[in-house]
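Undergrad: Quick one: the structure is below, questions incoming.
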Amino acid sequence: MPVNLNLNSFEYWGRFRSTQFSDTIALPGGSPAAAPLLYLVTYMPPLLDIMAIREILPHRFPFLLVDSIVELEEDRIVGIKNVTANEPWTTGHFPDYPVMPGVLIVEAMAQVAGVLVLKQLPDRHKKLVLLATIEQAKFRRPVRPGDQLRMEMKVIKKKATMAKMAGVATVDGLVVAEAEVMCKLIDNTEQAPQA
């Protein structure tokens with residue numbers, strides 16, 4: 001029996017190939033589905049878009065590495081970075097096979113953590129979140145232009161002027177990096193310590 005769907009009620013639709021379900025789905029006439037399945041995805045706008053993130057973080061291009069926040073809880077946040085071919089690092093790391101540097105992946109994860117920390121402060125425009133430590137950093141797969149980097153950060157420990165967070169970065173559901181970062185909160189009028 002055919003099912004009628006009103007496609008006008010969906011914001012986005014696309015094609016998806018599923019081998020897992022190909023034995024159980026039958027085409028009209030009873031033959032098993034061998035062609036890619038048509039699936040529908042309801043568009044969900046981000047909780048925070050790039051303009052809202054710019055109101056929270058002081059970073060700007062080319063070093064603002066978070067495009068949107070899609071999940072936000074008290075002790076957990078998920079951010080998205082759309083990796084593009086026109087980013088400054090693509091010309092040198094590596095010209096014929098551009099790979100996002102691991103330090104930038106960790107920086108993007110730290111910026112997502114910074115959004116969580118600063119979002120909860122009423123006087124956030126008077127504060128800066130500085131990266132204090134990086135621990136347990138592991139890089140599992142390369143991140144390339146065209147990838148969508150999804151970064152999930154969870155609070156491990158939180159005090160008034162610091163937060164330690166564990167994070168996992170994925171592309172298409174596969175882990176590409178993980179790290180624990182500690183961020184220190186300072187007044188933006190303070191001088192950074194001299195090395």
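Undergrad: For Asn188 and Thr91, what is the calculated FRET efficiency with R₀ set at 25 Å and r taken between the beta-carbons, to the nearest 0.05?
TA: Once the sixth-power term is evaluated, E becomes 0.20.
Undergrad: Identify all aspartates and glutamates with a Cα-Cα distance to Lys158 below 20 Å; exclude those on the same chain that are fewer than 8 residues away in sequence.
TA: Glu71, Glu73, Glu74, Asp75, Glu107, Asp123, Glu135, Glu178, Glu180, Asp187
Undergrad: On average over all directions, what projected area in square nanometres does region 66-118 have, based on the convex hull of its Cα atoms?
TA: For region 66-118, the mean projected area of the Cα convex hull comes to 3.9 nm².
Undergrad: List, largest first, the extents of the alpha carbons of region 50-187 along their principal axes, each in whole Å.
TA: Sorted largest first, the three principal extents are 45, 28, 24 Å.
Undergrad: Excluding residues fewer than 8 places away in the same chain, name every one of the lysines whose C-alpha is closer than 16 Å to that of Lys126.
TA: Answer for Lys126, where 16 Å is the Cα cut-off: Lys184, listed by chain and number.
Each value in this text was obtained by applying a stated rule to the coordinates, not by laboratory testing. This is a predicted model, so every value here is computed, not measured. Cβ atoms come from the backbone with ideal geometry, glycine included; neighbour counts cover every protein chain shown.
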